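Participant: I'd like to ask you about the structure that follows.
The values are calculated or read from the model by the stated rules, or taken from the named source; none is laboratory data. Keep in mind the model is a prediction, meaning the values are calculated, not measured. Here the Cβ positions follow ideal geometry from the backbone for every residue, glycine too, while neighbour counts run over all protein chains shown. Remember, those area values only see protein heavy atoms, side chains included, never the ligands or the DNA or RNA. Shrake-Rupley method; radii C 1.70, N 1.55, O 1.52, S 1.80 Å.
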Amino acid sequence: VSPPALPARPAGSMSVVEHVREMAAAGLHSNVRLLSGLLLTMSGNNPELFSPSQKYQLLVYHADSLFHDKEYRNAVSKYTMALQQKKALSKTSKVRPSTGNATSTPQSQCLPSEIEVKYKMAECYTMLKQDKDAIAILDGIPSRQRTPKINMMLANLYKKAGQERSSVTSYKEVLRQCPLALDAILGLLSLSVKGAEVASMTINIIQSIPNLDWLSVWIKAYAFVHTGDNTRAINTICSLEKKSLLRDNVDLLGSLADLYFRAGDNKNSILKFEQAQMLDPYLIKGMDVYGYLLAREGRLEDVENLGCRLFNISDQHAEPWVVSGCHSFYSKRYSRALYLGAKAIQLNSNSVQALLLKGAALRNMGRVQEAIIHFREAIRLAPCRLDCYEGLIECYLASNSIREAMVMANNVYKTLGANAQTLTLLATVCLEDPVTQEKAKTLLDKALTQRPDYIKAVVKKAELLSREQKYEDGIALLRNALANQSDCVLHRILGDFLVAVNEYQEAMDQYSIALSLDPNDQKSLEGLQKMEKEESPTDATQEEDVDDMEGSGEEGDLEGSDSEAAQWADQEQWFGMQ
């Protein structure tokens, strides 16, 4: 709690408490902690030594120094004592009128704010993950006395606790006091408040200040983001980004990268992340998604370098831990990925990417029910992100719960609309049931009509054609998809199809291209090794290759033994939900 600055006075005429206050104002926290601790002991041994207001000040400044040292429980204890002292002080001041003493006047003027003490207590509680206590202490402050930062903290806490109506009220109160509080605007949009209503709360300020005409477009863009309309969100942010005054804004580029990722356009997503990173080499936000995309492309060396760079920037954010976890996951070191994902969640319980990483690691270790909990939490935090639903549906399919998977896929299809991604997700579930094969075919054809280059749809359509042994059709589909992009999985599946039609030399070429894109792709390596061993394969071998091909998933499902299980078994304390 920052004490108000006093005019300089000769050191000899200042009381010891005023010296403490001056040191606190100067940011000398370790000095304040030592001196205030000694003075509080003196006060305990001789209650008459300091006045009630001086005791209150000493307790607050001591608590502030503890807060600065991140000793949050101890700080809460001292803040509580300070508030009790303030209550006693208020009673005595009502009973006994002021004597008009000159030394008491500046003290009464300079007492640390009781509201500020409560805010600091709430901060301590949030650091200790005691959100209910934080809400309780802030709720106790009368509405009229709540400052914008108190309303902002309350809004975020209410939102986290699922109290949406209270959260909306608090965010609106922040905007009433500070109409350019953009994070409060994002908070309202995330709680389904209409973009037009939010814009109306800022219209006066936009009209009264020059060069703020972009703000209404900015609100419109993020309204599209929070309703899951990725295409219109991308177009609107692009229109903002092209304006000369907002060109090369790192936040807008990061939002664009995230939107491309959500829309399944990984190539453009990586491009925008790289652009943002070049503009701000210390960028952390969104780097977890960037690391995940690089890992999926098999660029594990780049992922490792990114992780090291992020750890050098800050190890107190979830992103570096998630990036390192992605490196472990795609190196099939699932126990280590699990530990890193749990560490990331401990640092930021709202990290969707950390929840997805931990969920995927649990799933691949056979702990499907635990994985389901993590994917559900990710969906709660990011209801418009398809990859959260994909993870949950993969868990249902892994445990043969096809009915639950079908219900979820249909809900996603209805909620997020009929686009290439939702059509493909629904088709993926339909492929698991022999009764719905034709429906899967229709859905995939619709998806590919919308987006002929959508890799997941191409992979699933190829899987269907493989089952039907329509290899020529599959080859045509894959060549068409590879005309404007290069992808390891597509090259590998094309290699599998070419083996099936005895085009061995070109099959070897496709496997080689796949391995050049992702040297860790085990199935491409196996395909190439078979080709090299058997220059003229027998019919039996050809049949075996075709069977292998049917199991080809987009990422090869990353199954395999986990050599590090024993090494990381002692890290179980991280594994539970934080």
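Participant: Using only helices, what value at 222 nm comes out for the chain when you add -39,500 (n - 2.57) per DSSP H run of length 4 or more and divide by the total residues, to the nearest 500 deg cm²/dmol?
Facilitator: Helix contribution divided over all residues of the chain: -22000 deg cm²/dmol.
Participant: Quick one: what are the phi-derived ³J(HN,Hα) couplings along the stretch 427-434, Karplus 6.51/-1.76/1.60 with θ = phi - 60°, whole Hz, x for glycine and proline?
Facilitator: Result, rounded to whole Hz: 4, 4, 6, 4, 5, 6, 10, x.
Participant: Take the alpha carbon atoms of the stretch 434-449, find their center, do the same for the stretch 483-503, and report the distance between the two centers in whole angstrom.
Facilitator: If we compute the Cα centre of each part, the gap is 21 Å.
Participant: Using a 1.4 angstrom probe on the protein heavy atoms only, could you order Asp280, Asp496 from most to least accessible area?
Facilitator: Of Asp280, Asp496, the descending order of accessible area is Asp280, Asp496.
Participant: Could you compute how much accessible surface Met14 exposes when probed at 1.4 Å, giving the result in Å² to the nearest 10?
Facilitator: The accessible area of Met14 comes to roughly 30 Å².
Participant: Here is a follow-up. Of the listed peptides 177-187, 111-121, what is their order by residue-averaged count of other C-beta atoms within 10 Å, with the highest listed first? Present the calculation step by step, with values, prior to reporting the outcome.
Facilitator: Values: 177-187: 17.9, 111-121: 20.0.
Put in order of decreasing packing, that is 111-121, 177-187.
Participant: With all protein chains present, calculate the accessible area of Arg146 using a 1.4 Å probe and round the result to the nearest 10 Å².
Facilitator: 40 Å²
Participant: Just read off the accessible area of Leu392 with the full protein assembly in place, 1.4 Å probe, to the nearest 10 Å².
Facilitator: 0 Å²
Participant: Here's a follow-up. For helix 455-467, report the angle its Cα long axis makes with the longest principal axis of the Cα atoms of the chain; keep it between 0 and 90° and round to the nearest 10°.
Facilitator: So the inclination is approximately 30 degrees.
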